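For reference, the structure is listed below as structure tokens.
The values are calculated or read from the model by the stated rules, or taken from the named source; none is laboratory data. Fair warning: this is a prediction, and the values are worked out from it, not measured in the lab. Heads up, the Cβs are rebuilt from the backbone with ideal geometry, glycines too, and the neighbour counts pull from every protein chain shown. The accessibility values were calculated without ligands, DNA or RNA, using every heavy atom of the protein model including side chains. Shrake-Rupley method; radii C 1.70, N 1.55, O 1.52, S 1.80 Å.
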Amino acid sequence: MAVNLPIYLDHNATTPMDKRVLDAMLPYFCDVFGNSASRNHQFGWDAEAAVDTAREQAAALIGAKPKEIIWTSGSTESNNLAIKGAARMYAKEGECKGHIITSSIEHKATLDPCKRLQMEGFDVTFIDPPADGVHTVDQIADAIREDTILVTVMWANNEIGTINPIPEIGKLCKEKGIVFHTDATQWVGKMPTNVEEAGIDLLSWSGHKIYGPKGVGALYVRRRKPRIRLEPIIDGGGHERGMRSGTLNVSGIVGFGQACELCSQDMQTDHDRLKALRDRLEARITEQLDGCEINGNKQNRLPHTSNISFAWVEGESLLMAMKEIAVSSGSACTSASLEPSYVLKNLGVGDELAHSSIRFGLGRITTEEEIDYTVDKIVKGVEHLRKMSPLYEMHKEGIDLSKVEWAHH
Ligand SMILES: *Cc1c(COP(=O)(O)O)cnc(C)c1O
């Protein structure tokens with residue numbers, strides 16, 4: 001069967017919206033257009049009913065109550081509201097306003113709010129992960145201080161797919177009376193989630209990572225045992241229990257709810273299918289090529305994510321060799337320089353290997369033909385590049401490259 005090009009293997013960056021989500025949304029642009037905050041007429045009631053249904057669908061996906069869902073514009077906003085909102089609400093008097101614990105391989109949407117809070121007088125510990133990318137609960141326990149007010153650790157990592165022991169961390173935080181937030185953007189909708197069982201106080205997720213629309217997200221805010229309060233970031237009409245003012249994006253929220261429901265329905269089938277395809281990709285690549293390193297814990301990992309370093313090739317050239325395949329690379333283009341991914345760096349992956357890393361993010365639209373095409377492209381591309389690589393020549397001659405003393409200019 002022929003494959004259509006280009007091939008999309010970047011589902012950790014965003015997912016295509018499911019057509020069933022679009023169908024659910026369409027009536028809520030022109031026909032049911034009311035403002036869900038309009039309390040005194042049918043137009044408002046209809047919009048509100050649609051939002052309520054979506055709230056139920058979203059809550060059901062994570063084992064929460066509908067009233068515990070706060071609508072946002074996406075996970076970046078959810079993280080900001082959770083982290084800044086909780087820190088500022090539970091701030092202490094005195095020189096240090098409180099201590100926050102997070103991981104050094106969080107998404108920027110967590111790291112940057114934490115850095116902002118540092119400037120405001122909070123103390124933040126950024127824990128480096130072990131080499132396999134999975135934090136241990138002991139790492140968190142060891143970092144906890146008398147004045148720790150917030151722990152924020154992602155459920156699954158967006159670059160390498162590794163899964164943190166969130167229920168154990170939740171239990172620890174409950175025992176210590178510390179507010180616990182998790183950025184579950186890559187986890188929710190793909191893996192079973194229960195905020196009660198996992199002891200989570202605040203949880204972020206986003207529509208466009210679960211085959212829903214872009215620009216819509218949700219924050220779970222625990223209402224009992226304990227009731228979590230947040231200082232709002234956006235003030236206005238007091239929507240969303242005063243935590244997030246602004247007229248609700250009704251059509252987007254309807255889409256978000258529908259996306260959640262579809263994830264509930266399809267979770268197991270998607271999981272098994274994508275895991276089989278991901279494993280096929282990794283097996284076929286590593287069978288045919290030496291010098292491939294799979295980054296992150298291989299077991300404790302999302303089913304649809306694979307992050308592989310290809311030794312002795314240059315990352316940019318490899319991407320060029322597989323232009324018709326949309327993937328993410330371990331190089332992040334910042335303003336002028338090409339920086340290796342801070343996630344891989346903090347795992348201890350060297351700069352060279354980080355630069356030549358590729359993240360494959362499989363999704364609902366991924367087919368076996370696409371995986372086989374991709375494997376073929378990569379194998380041919382890597383072999384071709386290595387033929388021209390003096391480093392690979394040296395390696396094959398048995399020279400240990402790590403022991404080579406390079407001349408410095
Ligand atoms: C995509 C992503 C975000 C940002 O979500 P947006 O909805 O795009 O703001 C945050 N955290 C993780 C782990 C992500 O993968």
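Of Arg39, Arg88, all but one fail to be open to solvent by 10 Å² or more (accessible area, probe 1.4 Å), in a helix (DSSP H, G or I) and of a type outside the set (Asp, Glu); the exception is Arg88. Checking each residue in segment 179-200 for being touching a residue at least 60 places away in the same chain (Cβ under 8 Å), open to solvent by less than 20 Å² (accessible area, probe 1.4 Å) and more than 10 Å from the ligand (Cβ to nearest atom) picks out Val179, His181, Val188, Gly189, Thr193, Val195. Is it true that Ile69 is away from the ligand (no atom under 13 Å from the Cβ), touching a Leu at 6+ places or on another chain (Cβ under 6 Å) and among the β-branched types (Val, Ile, Thr)? When the stated conditions are applied, Ile69 does not pass them. Within segment 368-404, being free of Cβ contacts under 8 Å to residues at least 40 places away in the same chain and assigned to a loop (DSSP other than H, G, I, E, B) holds for Met388, Glu397, Gly398, Ile399, Asp400, Val404.
Going by the structure shown, is Ile228 more than 16 Å from the ligand (Cβ to nearest atom), over 15 Å from the mean Cα position of the chain (by Cα), outside any strand (DSSP E or B) and closer than 17 Å to Ala87 by Cβ?
Yes, satisfied.
Looking only at residues in segment 358-377 that are β-branched (Val, Ile, Thr) and surrounded by fewer than 19 Cβ atoms within 10 Å (Cβ to Cβ), the one that is nearest to Ala2 (Cα to Cα) is Thr367. Of note, Asn12 satisfies the criterion of being under 21 Å from the mean Cα position of the chain (by Cα) and open to solvent by less than 10 Å² (accessible area, probe 1.4 Å). Leu5 meets the conditions (1) more than 19 Å from Val250 (Cα to Cα); (2) within 16 Å of the ligand (Cβ to nearest atom) in every case but one. The failed one is (2).
Within segment 94-111, can one find any residue that is touching a residue at least 24 places away in the same chain (Cβ under 8 Å), basic (Lys, Arg), within 16 Å of the ligand (Cβ to nearest atom) and over 23 Å from Glu196 (Cβ atoms)? Looking for residues that are touching a residue at least 24 places away in the same chain (Cβ under 8 Å), basic (Lys, Arg), within 16 Å of the ligand (Cβ to nearest atom) and over 23 Å from Glu196 (Cβ atoms), one finds none in segment 94-111, hence no.
Here's the yes/no breakdown for (1) surrounded by 16 or more Cβ atoms within 10 Å (Cβ to Cβ); (2) assigned to a helix (DSSP H, G or I); (3) not assigned by TED's automatic domain parsing to the domain that holds Ser245:
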| position | (1), (2), (3) |
| --- | --- |
| Asp46 | yes, yes, no |
| Ala59 | yes, yes, no |
| Ala64 | yes, no, no |
| Ile70 | yes, no, no |
| Asn80 | yes, yes, no |
| Glu95 | no, no, no |
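If you filter segment 144-162 down to residues that are out of contact with any helix residue (DSSP H, G or I) (no Cβ under 7 Å at 6 or more places or on another chain) and open to solvent by 20 Å² or more (accessible area, probe 1.4 Å), you find that the one that is nearest to the ligand (Cβ to nearest atom) is Asn158. The strands (runs of 3 or more DSSP E) located wholly in segment 239-357 that include 3 or more residues which are over 19 Å from Trp187 (Cβ atoms) and open to solvent by less than 10 Å² (accessible area, probe 1.4 Å) occupy 305-310.
Only one of the numbered conditions (1) touching a residue at least 12 places away in the same chain (Cβ under 8 Å); (2) assigned by TED's automatic domain parsing to the domain that holds Tyr342 is violated by Gly246, and that is (2). Away from the ligand (no atom under 16 Å from the Cβ) and under 21 Å from Lys190 (Cα atoms), is that true of Ala59? Yes; evaluated as a whole, the condition is true for this residue. Looking across segment 24-36, the residues that are assigned to a helix (DSSP H, G or I) and either over 25 Å from Gly189 (Cβ atoms) or not hydroxyl-bearing (Ser, Thr, Tyr) (or both) come down to Ala24, Met25, Pro27, Phe29, Cys30.
Residues considered: Thr182, Thr148, Thr152, Thr136. Of these, the only one that is modelled with pLDDT of 95 or more, among the polar types (S, T, N, Q) and closer than 25 Å to Leu262 by Cα is Thr182. Among the residues of segment 108-138, the ones that are surrounded by 17 or more Cβ atoms within 10 Å (Cβ to Cβ), closer than 22 Å to Gln186 by Cα and among the polar types (S, T, N, Q) come to 1 in all.
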